[in-house]
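Okay, so here's the structure we're looking at.
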Amino acid sequence: MVQKPAKSTSTKVWFVGAGPGDPELITVKGHNLVKNADVLIYAGSLVNPALVAGSGAAVKLDSWGMHLDDIVDTMVQHAQASKNVVRLHSGDPSLYGAIVEQIEKLEERGVAVEIVPGVSSLFAAAAALRTQLTLRGVSESVIVTRPAGKTLKEDQIGKFSRLNSTMVVFLGTEKLGEITKKLACPKDTPAAVVYHASWPDQKIVRGTVADITAKAKDAGIEHTALLLIGGVVGQKKKGHVPSYLYS
């Protein structure tokens, strides 16, 4: 039997990674915190509703559309009242989670913060593709990046694509054409788009740098997907050298 955490005697907010979508892909610690929260502030539709429904929180707030100051005010108010406050982010909050500005404001107001990591969608996507992000003889490194947009003036996608490493592009589903035009790797480099990794409606589209944009469009994928580029994505892992673990 899992013991229910004791009521917090200090002023604290827990930042918890909800995982990529599947409600079972959350850490045991994260699950216990969500289940026993008094106040749950979650990241809208990016968090599986089953996790929200499974929380015993008396107060559940969807933060979609809320101003940063309003979110912080709410967390401070309840934390100072000795409530168990959980801020639930999708995936792992360290990747494009926008948590630092929240943490800074909380700490300025005397509220401590603890972070519980989650399973990132990039790992769920790799699992869906039944591959490794790093593979001996194919790619020894992983580059996690995003395209330029409203909050990023200039990206380094072209530069990164010259490094012969696995690339995982977040926040770029609506810009697949722009992204692939910037890539300096060969046009026959394997690529894949994974929509809603680990959700029931997950979609996987495989192709190459040359055709992945058209294939994703034909599949109706327009948002909430990851683009993965590199030899590890291909059905046949060219250059793969078996691990020393099995020698």
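Points to keep in mind about this one:
One line per residue, one yes/no per condition, for (1) among the basic types (Lys, Arg); (2) part of a loop (DSSP other than H, G, I, E, B):
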residue: SER198; (1), (2): no, yes
residue: ARG206; (1), (2): yes, no
residue: ALA210; (1), (2): no, yes
residue: LYS215; (1), (2): yes, no
residue: GLY220; (1), (2): no, yes
residue: LYS237; (1), (2): yes, yes
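- Every residue from segment 62-116 that is touching a Ser or Thr at 6+ places or on another chain (Cβ under 8 Å), loosely packed, with under 15 Cβ neighbours inside 10 Å, of a type in the set (A, V, I, L, M, F, W, C) and not in a loop (DSSP other than H, G, I, E, B): ALA112
- Check on LEU129, touching a residue at least 40 places away in the same chain (Cβ under 8 Å), open to solvent by less than 20 Å² (accessible area, probe 1.4 Å) and out of contact with any helix residue (DSSP H, G or I) (no Cβ under 8 Å at 6 or more places or on another chain): no
- Of the residues making up segment 200-226, those that are touching a Pro at 6+ places or on another chain (Cβ under 8 Å) and touching a residue at least 24 places away in the same chain (Cβ under 8 Å) are ARG206, VAL209.
For every residue, the table says whether it meets (1) under 22 Å from ARG130 (Cα atoms); (2) charged (D, E, K, R).
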| position | (1), (2) |
| --- | --- |
| THR166 | yes, no |
| LYS175 | no, yes |
| THR180 | no, no |
| LYS187 | no, yes |
| VAL194 | yes, no |
| TRP199 | yes, no |
| ILE204 | yes, no |
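- Residues of segment 160-178 that are touching a residue at least 40 places away in the same chain (Cβ under 8 Å) and either part of a helix (DSSP H, G or I) or open to solvent by less than 50 Å² (accessible area, probe 1.4 Å) (or both): SER161, SER165, THR166, MET167, VAL168, VAL169, PHE170, GLY172, THR173, GLU174, LEU176.
- Residue match in segment 139-159 (condition: under 15 Å from THR180 (Cβ atoms), open to solvent by 10 Å² or more (accessible area, probe 1.4 Å), part of a loop (DSSP other than H, G, I, E, B) and of a type in the set (A, V, I, L, M)): yes
- When residues in segment 117-126 are screened for being among the small types (Gly, Ala, Ser), open to solvent by less than 20 Å² (accessible area, probe 1.4 Å) and over 22 Å from VAL85 (Cβ atoms), 4 of them pass.
Yes/no matrix, rows are residues, columns are (1) within 21 Å of LYS182 (Cα to Cα); (2) open to solvent by less than 60 Å² (accessible area, probe 1.4 Å):
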position	(1), (2)
ALA210	yes, no
ALA225	yes, yes
ILE229	yes, yes
VAL232	yes, yes
GLN235	no, no
GLY239	no, yes
TYR246	no, no
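The values are calculated or read from the model by the stated rules, or taken from the named source; none is laboratory data. Remember, predicted model here, so these are calculated numbers, not experimental data. Neighbour counts run over all protein chains shown; Cβ positions are idealised from the backbone, glycine included. In case anyone asks, the SASA skips ligands and DNA or RNA and just uses the protein heavy atoms, side chains included. Shrake-Rupley method; radii C 1.70, N 1.55, O 1.52, S 1.80 Å.
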